[in-house]
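Everything below concerns the one structure shown next.
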Amino acid sequence: MINALVILNFNSSNLCIKYICSMSSYKVINHIVVVDNASSEDERRILRDYCEKKHVHYIQLKMNRGYASGNNVGVKYAIEELQADVVIISNPDIICPKDTVNAVLSRFYNNEDVAVITGLVHNFDNNHNSKIYPYYAYRVPSLKDMILNNFLLITKIRRLFLKTSMYYDVDSLKKIGEQYVECVSGCFFVIRSNAFVKIKGFDEDTFLYYEEAILGHKLKGEGYKVLVLDYPVFHDEDPGKNKTLKKLWRTHVTNQYSAKIYMKKYLSVGSL
């Protein structure tokens, strides 16, 4: 079974190079594909030169059309050109231990009914201490979920106290070492190629956000299983990167646009 790691990069050449260096040291990884989402000229040059030197597959996009579109390009290349049976989809700001990669790929080789497998996502705080990401996995959002989750306090209360919460309980995962879920974080996961093709990949009507919910909705509709293993995946995202008012507003607008796409196309909500 052939695997390929697809990394989507945007103006993070040094971070991406560091990640490639780490993952390429794992013998279990067969191929690495880097998709540059129209970074600046200097960033492109640094990353392209490194990939050529290290014999890493490099794809340069002329326009940044977002997470979904960029990853679709990389996965299509991995499947059609490299004959990958499973594809690892990852941000460049990931630290993935060797044991996690081995465990995830091993379960794929032995469980043909599972379409997506990932580890338990951890984030870092401002002091670079890691902690489990509380929204590491969730159920496909209903219209009720979409309405209630517009209120941050209600979201936290539902996750902590209510059995009807759309978010999965980490204690249950820890108890048995794995957990079947419906949606997982898009920062790192592995998907079976034939499942990705059948659901027609990511929805390119979104630029960013809700790609995980849409993917989960499609997989559930086709009867595929999604699994989280109790192996860590560290998302080394800068906790302060969206703190300026301008960035927060841009994030809000992009998020709301994708939410409307999800509700209209997948929950059959009328004009929004």
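The values are calculated or read from the model by the stated rules, or taken from the named source; none is laboratory data. In this text the structure is predicted, and so the values were computed from the model without any measurement. Backbone-built Cβ (ideal geometry, glycine too); neighbour counts: all protein chains shown. Protein only, heavy atoms only, side chains kept; ligands, DNA and RNA dropped before computing areas. Shrake-Rupley method; radii C 1.70, N 1.55, O 1.52, S 1.80 Å.
A few notes on this one:
- For the range 174-215: rounded, prolate or oblate by the Cα gyration tensor [a/c cutoff 1.5]: oblate
- Nonlocal amide H pairs with residue 119, under 5 Å, H built at 1.01 Å: 229
- Summing Lys and Arg as +1 and Asp and Glu as -1 over all other residues whose Cβ lies under 9 Å from the Cβ of residue 266 gives a net charge of +2.
- Along the axis of the charge dipole computed for the chain (Cβ charges of +1 for Lys and Arg, -1 for Asp and Glu, origin at the Cα centre), the listed residues 227, 135, 58 are led at the positive end by 135.
- Among 224, 231, the order of accessible area from largest down is 231, 224, computed with a 1.4 Å probe on protein heavy atoms.
- Top positive-direction residue, dipole computed over the range 1-49 with Cβ charges, set 17, 35, 5: 5
- Recomputing Rg and Dmax of the Cα atoms in Å from the coordinates shown identifies the correct label among [x] 18.1, 53; [y] 18.8, 62; [z] 17.3, 51 as [x].
- Other residues with beta-carbon under 14 Å from the beta-carbon of residue 52 carry, at +1 per Lys or Arg and -1 per Asp or Glu, a net charge of +3.
- Pair residue 2, residue 49: separation of 7 Å Cα→Cβ label points (nm): 3.1 nm
- Near the amide H of residue 58, within less than 5 Å, lie the amide hydrogens of 34, all on another chain or at least 5 residues away, with H placed in the peptide plane.
- For the peptides 191-204, 97-110, the ranking by packing is 191-204, 97-110, with the highest mean count of neighbouring Cβ atoms within 10 Å listed first.
- Normalised contact order of the chain, rounded percent, pairs of Cα under 8 Å and 6 or more residues apart: 23 percent
- FRET efficiency, 1/(1 + (r/R0)^6) with R0 51 Å, evaluated for residue 14 and residue 171 via beta carbons: 0.85
- For the range 44-81, the residues whose backbone nitrogen is under 17 Å from a point 7 Å from the Cα of residue 21, taken along Cα to Cβ, are 46-56.
- Formal net charge of residues neighbouring residue 68 (Cβ-Cβ distance under 14 Å; K, R +1; D, E -1): 0
- Stretching residue 29 away from residue 250 to a fully extended chain increases their span by 76.0 nm, per 0.36 nm per residue minus the current alpha-carbon distance.
- Total lysine pairs whose alpha carbons fall under 15 Å of each other in the range 80-230 (8 or more apart, or interchain): 7
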